[in-house]
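Every read-out reported here was derived from the displayed coordinates using simple, explicitly stated rules and does not represent laboratory data. In this text, all values refer to a predicted model and were calculated from it rather than measured experimentally. Ideal geometry is used to build each Cβ from the backbone, glycine not excepted, and the neighbour counts take in all protein chains shown.
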Amino acid sequence: MKVAENLIHIKQQISDACQRVNRTPDEVILIAVTKYVSIERAKEALEAGIINLGENRDDGLLVKWEILGDKPLWHYIGTLQTRKVKNIIDKVEYIHSLDRTSLAEEINKRAQKKVKCLVQVNVSQEQSKHGLAPEDVIDFIKSLQPYENISIEGLMTMAPFTDDEAQLRTCFQRLKELREEVKNCNLDFAPCTELSMGMSNDFGIAIEEGATMIRIGTALVGEAGEEDKR
């Protein structure tokens with residue numbers, strides 16, 4: 001299906017989820033995750049009116065940047081190696097995967113302006129996932145105060161890939177609780193208003209639990225080679 005057609009269904013699901021919990025759709029930023037699809041498919045997302053695109057590798061982002069430039073607002077959503085920071089730092093609007101001091105140091109050193117970052121939290125404590133343990137989040141964020149080029153805009157997590165709704169809700173609720181703990185610290189450099197959580201299989205639940213950013217790939221732009229199936 002075309003991205004525009006998929007978008008109609010996604011927007012309806014966003015609206016339905018918001019209505020269930022007395023929110024409005026404009027409270028939710030839709031990020032089209034284009035990491036597995038071609039530049040043509042990413043262009044199609046832009047033409048459909050999606051302005052936020054997400055990439056999880058520096059080389060994938062750079063290839064699309066060469067063609068699309070700063071027309072989209074780019075979100076770096078994958079694990080970021082410190083040696084790759086210099087490649088993407090001046091091209092992204094948000095980095096969703098800040099999870100260690102060495103990365104903060106490199107971002108701060110390379111940035112020409114304040115960088116909007118989200119701290120990645122491994123709420124589910126899965127060994128296969130990156131991110132801080134929930135109990136380490138507050139101390140980590142407080143330690144970032146010296147880095148004048150970093151603004152902690154919020155928190156990000158990846159929920160377990162499961163159909164267990166209760167498990168998903170617990171994960172999302174814990175991230176929201178952590179965000180409130182950070183906000184209560186009243187740190188100027190960490191307004192922490194955003195919750196980046198929810199993907200193709202669980203974004204409705206994430207919205208119900210307070211997500212302000214959802215990262216949707218397969219359900220919106222399809223998988224690699226999807227454009228060839230049309």
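Quick rundown of the values:
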read-out: Approximate spin-label separation residue 151-residue 11, in nm, with each point projected 7 Å along Cα-to-Cβ; value: 2.8 nm
read-out: Ordering of 130-142, 149-161 by packing [mean C-beta count within 10 Å, highest first]; value: 149-161, 130-142
read-out: Full-extension gain in nm, residue 167 to residue 201, via 0.36 nm per residue minus C-alpha separation; value: 10.9 nm
read-out: Part-to-part distance (alpha-carbon centres) for the stretch 1-38 and the stretch 174-227, which is given in Å; value: 13 Å
read-out: Total charge dipole magnitude, the chain, about the Cα centre, Cβ charges on Lys, Arg, Asp, Glu only, Debye to nearest 20; value: 540 debye
read-out: Relative packing of 99-110, 182-193, 16-27, which averages over residues the other C-beta atoms within 10 Å, highest first; value: 99-110, 182-193, 16-27
read-out: Full-stretch length increase - residue 128, residue 59 - with 0.36 nm per residue and alpha-carbon distance subtracted; value: 22.6 nm
